[in-house]
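Peer 1: Take a look at this one; I'll ask things after.
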Amino acid sequence: MKSKTEAIIIGSMNLGEADKLVTFFSLDRGMQKGVAKNARKSFRRFGAGLESFTYCRVHLHEREHQDLLRIESVDILTQAPAICEDLQRAAVGAVILELVRELAPPGERNATAFLLLTHVLQLLNGGEDPAFLLRIFEIRFLSLLGYQPKLDHCLSCGRQSAGEMVFHSMKGGVLCPDCLVASGDPQVRISTGAIGFYYQALRMDMDKICRLKPSAAIMQELDRTFSAHTFHILGKRLKSTEFLRTVCSI
Ligand SMILES: [Zn+2]
């Protein structure tokens, strides 16, 4: 059966003599992998369309009893050349793609998450602050996938967040100082300023989101909170985050 869908290319690797195994996040089918036969030889069918970050229309051929889709060809809709021209943008782009690859469930359509990814990559390519965009993407993407941390009230006593709270990754939310019992679990302090920004970033229209101007301290608090949160969800650190911290000190 033949079909087509819009997609963002997440990555690809060589397969055999001439093929490529391509990972893509699509509008209609969520995360998918497919084989692009002869991709390393057929410029006509694929061109530069299998490069990471490319927004394209993927033409697929699905066969019964075969797990992997076959990618017949791709039409490039837009590319994001500026992302790879700058080390910091490329490093942030790599974290964004790894978050999608690790967290998006295969084969599950999530049109809102797809639109968020295309929008954030467009802004990254357009020169918006990479570290800011990464925080926005983390906040919204995790929420769209059902991993939204609960930051507005203490998970133990229910009191509304005020002053400084502590993010508890095992619980996926915050505790107030009164309820915090010292334990060996990873805990991250988070201010009400950072919590307020979090809910703004979650609810604001994407077209207006770049008007938000959080302080560096708020960005750092949210970075630490989401590092702990993502680590708890995945049970490991993202490889690309280590690279980002090494080369860009973000
Ligand atoms: Zn409490």
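The values are calculated or read from the model by the stated rules, or taken from the named source; none is laboratory data. Just so it is clear, the model here is predicted, and its values are computed rather than measured. FYI the Cβ positions are ideal-geometry reconstructions off the backbone, even for glycines, and counts take in every protein chain you see. Areas reflect the complete protein model, heavy atoms only, side chains present, ligands, DNA and RNA absent. Shrake-Rupley method; radii C 1.70, N 1.55, O 1.52, S 1.80 Å.
Peer 1: Over 22 Å from GLY34 (Cα atoms), among the acidic types (Asp, Glu) and crowded, with 18+ Cβ neighbours inside 10 Å, is that true of GLU138?
Peer 2: Yes, satisfied.
Peer 1: Out of (1) over 28 Å from VAL247 (Cβ atoms); (2) open to solvent by 40 Å² or more (accessible area, probe 1.4 Å); (3) more than 14 Å from the ligand (Cβ to nearest atom); (4) modelled with pLDDT of 95 or more, what's the single condition that is false for HIS153?
Peer 2: (3)
Quick grid of which residues meet (1) open to solvent by 20 Å² or more (accessible area, probe 1.4 Å); (2) free of Cβ contacts under 8 Å to residues at least 40 places away in the same chain; (3) under 21 Å from VAL92 (Cα atoms):
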residue	(1), (2), (3)
CYS157	yes, yes, no
GLY163	yes, yes, no
VAL166	no, yes, no
LEU175	no, yes, no
GLN200	yes, yes, no
MET206	yes, no, yes
THR225	no, no, yes
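Peer 1: With the structure loaded, tell me whether THR118 is open to solvent by 40 Å² or more (accessible area, probe 1.4 Å), part of a helix (DSSP H, G or I) and either touching a strand residue (DSSP E or B) at 6+ places or on another chain (Cβ under 7 Å) or among the β-branched types (Val, Ile, Thr) (or both) or whether it fails that test.
Peer 2: In short, no.
Peer 1: Is at least one residue of the range 139-153 within 26 Å of ASP86 (Cα to Cα) and without any contact (Cβ under 8 Å) to a residue 60 or more places away in the chain?
Peer 2: Yes, the range 139-153 contains at least one residue that is within 26 Å of ASP86 (Cα to Cα) and without any contact (Cβ under 8 Å) to a residue 60 or more places away in the chain.
Peer 1: Moving on to the next point. I'd like to verify a number: residues in the range 129-182 that are touching a Gly at 6+ places or on another chain (Cβ under 9 Å) and among the basic types (Lys, Arg), how many?
Peer 2: Summing the residues that are touching a Gly at 6+ places or on another chain (Cβ under 9 Å) and among the basic types (Lys, Arg) in the range 129-182 gives 1.
Peer 1: Checking TYR198 against (1) within 16 Å of the ligand (Cβ to nearest atom); (2) within 20 Å of PHE231 (Cβ to Cβ); (3) of a type in the set (Ser, Thr, Tyr), only one condition comes out false. Which one?
Peer 2: (1)
Peer 1: In addition: Could you give every pair whose Cβ atoms fall below 9 Å, whose first residue belongs to the range 47-71 and is open to solvent by 60 Å² or more (accessible area, probe 1.4 Å), and whose second residue is charged (D, E, K, R) and assigned to a loop (DSSP other than H, G, I, E, B), counting only separations of at least 6 or pairs across chains?
Peer 2: Taking only residues 6 or more apart or on different chains, the pairs are ARG70/LYS37; ARG70/GLU62; ARG70/ARG63.
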